[in-house]
1. Which ones in the range 108-131 are in a helix (DSSP H, G or I) and more than 20 Å from Leu87 (Cβ to Cβ)?
2. May I ask you to list the residues in the range 127-160 that are among the aliphatic types (A, V, I, L, M) and open to solvent by less than 50 Å² (accessible area, probe 1.4 Å)?
3. Residue check, Tyr129 against (1) free of Cβ contacts under 8 Å to residues at least 60 places away in the same chain; (2) over 24 Å from Lys192 (Cβ atoms); (3) of a type in the set (Phe, Trp, Tyr), all met but one. Which one?
4. If you take the residues in the range 139-153 that are over 8 Å from the mean Cα position of the chain (by Cα) and in a helix (DSSP H, G or I), which one is farthest from Thr92 (Cα to Cα)?
5. Report whether or not Ala136 is under 25 Å from the mean Cα position of the chain (by Cα), at pLDDT 95 or above and aliphatic (A, V, I, L, M).
6. Given the structure, is Asp112 free of Cβ contacts under 8 Å to residues at least 12 places away in the same chain, surrounded by fewer than 20 Cβ atoms within 10 Å (Cβ to Cβ), under 20 Å from Thr182 (Cα atoms) and among the acidic types (Asp, Glu)?
7. Looking at the range 154-182 only, could you name the residues that are without any contact (Cβ under 8 Å) to a residue 24 or more places away in the chain and touching a Phe, Trp or Tyr at 6+ places or on another chain (Cβ under 9 Å)?
Amino acid sequence: MSTGPRNYRSRQLRLRWHLAGPLFRLLAQAGVVAVAAVVGFAFLSIGNVINETAASVLVAVVFGVATVLQLRQAQRRQYTVGLLMNLQSTLTLSAADLWMAQRIAAHREIDDEVPAEDMQHVIALLDYYEFLSALAFRGFVEIPLLIDLRGGAMTRCYDLCRSYITKCRAEIGSQLYVGLETFVDEYARHVKHRILTPVAAPPDTLDGAAPTTAG
């Protein structure tokens, strides 16, 4: 891995937190606020400072924070959709996306044989994917949505460009596209986990029972 272990682990943890699911994250964040409110309530009770009005304010704060968190989630989802739509609506990105899709379909790696005029497509797409990855680490986009809608394309693009990226890192610096690399690693882990997670069979096929048929 080309990144320092501490930075890489930090990015991993941030991604996994956002991949935990919106409901889980909402409950966890609301739980932290609730605990803080209870602690504050208990502290004020000891000093005989609190009254019914203050207690109502604490409850309102908890619900207010939960509402704000829900609003932020909706805003992240909308922002993520807008960023992904740029791949189709922006001329440079849409051309790069189409060109890369053709390379992926043909299983043609990016190497020194790529004409100079086509390298602009490679750079434009890798830069944009690095940008999306950086936003993901900071929680500015809805990561499950990004993974479902673009994770596969980002991974296949990175795989085709591995040799090119390795060469550029030797010439420019080891931090080039490390955000995308981390995102791709986590996408692979996420997909593997989803594949290995057993899916419950329909009730009429459990315990070896043959499925029923109409008629």
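The values are calculated or read from the model by the stated rules, or taken from the named source; none is laboratory data. Because the structure is a prediction, the values reported are computed rather than measured. Neighbour counts are summed over all protein chains in view; Cβ atoms, including those assigned to glycine, are modelled from backbone coordinates with ideal geometry. Note: areas computed on protein heavy atoms with side chains; ligands, DNA, RNA excluded. Shrake-Rupley method; radii C 1.70, N 1.55, O 1.52, S 1.80 Å.
1. Ala116, Glu117
2. Initially, the range 127-160 is screened for residues among the aliphatic types (A, V, I, L, M), giving 132, 134-136, 141, 143, 145-147, 149, 153-154, 160.
Selection gives Leu132, Ala134, Leu135, Ala136, Val141, Ile143, Leu145, Leu146, Ile147, Ala153, Met154, Leu160.
3. Just one mismatch for Tyr129, condition (2).
4. Asp148
5. Spelling it out, it is not the case that Ala136 is under 25 Å from the mean Cα position of the chain (by Cα), at pLDDT 95 or above and aliphatic (A, V, I, L, M).
6. Details: free of Cβ contacts under 8 Å to residues at least 12 places away in the same chain: yes; surrounded by fewer than 20 Cβ atoms within 10 Å (Cβ to Cβ): yes; under 20 Å from Thr182 (Cα atoms): no; among the acidic types (Asp, Glu): yes.
The answer is no for Asp112.
7. Cys168
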